[in-house]
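Here is the structure we will look at, set down as structure tokens.
The values are calculated or read from the model by the stated rules, or taken from the named source; none is laboratory data. Just so we're clear, the structure is a prediction, and the values are computed from it rather than from any experiment. Positions of Cβ are backbone-derived with ideal geometry, glycine not excepted, and every protein chain shown enters the neighbour counts. Remember, those area values only see protein heavy atoms, side chains included, never the ligands or the DNA or RNA. Shrake-Rupley method; radii C 1.70, N 1.55, O 1.52, S 1.80 Å.
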Amino acid sequence: MNLPVALTCGDPNGIGIDISFEAKKELKNKIPFFLIADINHLKNRNHSQSFERIQHPKECFNISKDSLPVLHHEFPEIPTLNGSQPGNALATTKVIERAVNLFQNHEIHAICTNPINKVVLKKGCGFKYPGHTEYLAHLAGHNNSVMMLLCEELRVVPTTIHIALKDVSKLLTKELLINTINTTRDALINHFGIKKPRIAIAGLNPHAGENGTFGQEEIKIINPIIEKLCTQGFDIIGPLSADTMFHKDARNNYDVAICMYHDQALIPIKTIDFYGGVNVTLGLPFIRTSPDHGTAFEIAGKDLANPDSFREALYLAIDVYNKRNEYQELTKNPLKTKRN
């Protein structure tokens, strides 16, 4: 890997800096990465790990394995580590924008984002996006981004993401579901190396609607899409009742579960692997991963944050990069597949 991964600092009052330090401590030079943050924010953390300022992403290859490389980005305020600090909101979003610009300038291979707090961003700079996923899609100029959460035992994709439960049925359309399935399937093929992805579709209503007894969404929206895509060669099962599709035996029947709303997807994966789950955004021109947790204001700076999810997010960024390159190589040289 000749270019590094850029880590965004996330909310500077959260645990992003803490877990970035821990990731460097554990990974050493296994993965080339650097943190975009205000150097002054790192000085007030109770951490034994050293850091070193860099001027350019490639300099992180020359930094000691025991030092965290940091690309300085100035913030207006020093973190209080007492929770919400809206004064740093705009700079937090500018760090994310800077990481995207680094990719567009061919200076990094992937982005791994530390957690942000949407309430703080909205209060501090009028942040109008429901979350990281939607903001990154805006920066990339892509409207078909999809959020996938995964751990070793499960991959899940919510079709609707950061919206109120009462609005799900209104926003769940055939177009949205088709886009979610197509984007997910494409990513499993060219980013995860799964040649023929097996896709499970959850129903929206209890018992997947039970033939219209508990709602019409399965009959009017979900079933027709499944039938249409099956005729196109997709390997799809569903709609399945969400209360029976996530136990161990059921998970053996699919490579990804596409769910209808946020908690339907996130509850099972966080139950199975709360500390090891990773978020990856599909459908963007760049690779973006993140830990599957929030800012954890209450433990920031106290050397209590668990870095497992963040470490796995870094590993995933590299895995996806390698799988994508393998797929692109095979599509350029189709005879190579036959030779192998």
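Residue count for region 269-289, restricted to those that are assigned to a strand (DSSP E or B) and either among the aliphatic types (A, V, I, L, M) or farther than 20 Å from Ala257 by Cβ (or both): 5. Against the conditions (1) modelled with pLDDT of 95 or more; (2) outside any strand (DSSP E or B), Pro239 satisfies every one except (2). Determine the pairs where a residue that is surrounded by 20 or more Cβ atoms within 10 Å (Cβ to Cβ), located within region 227-249, has a partner that is of a type in the set (S, T, N, Q) and modelled with pLDDT of 95 or more with Cβ atoms under 7 Å apart, the partner being 6 or more residues away or on another chain. From residues that are surrounded by 20 or more Cβ atoms within 10 Å (Cβ to Cβ), the pairs are Pro239/Asn223; Ala242/Gln264. Only residues that are touching a residue at least 40 places away in the same chain (Cβ under 8 Å) and either more than 26 Å from Asn88 (Cβ to Cβ) or not in a loop (DSSP other than H, G, I, E, B) (or both) were counted across region 127-148, and they come to 12.
Scanning region 161-177 for residues that are within 20 Å of Thr281 (Cβ to Cβ) and within 21 Å of the chain's Cα centre (by Cα) returns Ile161, His162, Ile163, Leu176, Leu177. Cβ separations smaller than 7 Å between residues 6+ apart or across chains give the following pairs from region 20-47 residues that are free of Cβ contacts under 8 Å to residues at least 40 places away in the same chain to residues that are part of a helix (DSSP H, G or I) and of a type in the set (Phe, Trp, Tyr): Pro32/Phe61.
The conditions of being closer than 24 Å to Ile19 by Cβ and over 14 Å from the mean Cα position of the chain (by Cα) are not met by Phe286.
With a requirement of 3 or more residues that are crowded, with 22+ Cβ neighbours inside 10 Å, the helices (runs of 4 or more DSSP H) lying completely within region 1-109 that satisfy it span 16-27, 89-104. For region 203-220, the set of residues classified as buried (at least 20 other Cβ atoms within 10 Å of the Cβ) and in contact (Cβ under 8 Å) with a residue 24 or more places away in the chain consists of Gly203, Leu204, Ala208, Gly209, Glu217, listed by residue number.
Residues satisfying the criterion are absent from region 170-193 (criterion: assigned to a strand (DSSP E or B), of a type in the set (D, E, K, R) and under 30 Å from Asp308 (Cβ atoms)). Annotation note: Cβ proximity below 6 Å between a residue of region 177-189 that is of a type in the set (Asp, Glu) and a residue that is modelled with pLDDT under 95 (sequence gap 6+ or interchain) occurs for no pair.
Of Asp303, Asp308, all but one fail to be more than 23 Å from the chain's Cα centre (by Cα), open to solvent by 30 Å² or more (accessible area, probe 1.4 Å) and modelled with pLDDT under 95; the exception is Asp303. Within region 274-296, can one find any residue that is closer than 21 Å to Asn114 by Cβ, among the acidic types (Asp, Glu), at pLDDT 90 or above and out of contact with any Pro (no Cβ under 9 Å at 6 or more places or on another chain)? No: zero hits.
Could you tell me whether Asn223 is modelled with pLDDT of 95 or more, surrounded by fewer than 17 Cβ atoms within 10 Å (Cβ to Cβ) and not in a loop (DSSP other than H, G, I, E, B)? So Asn223 does not fit the description; no.
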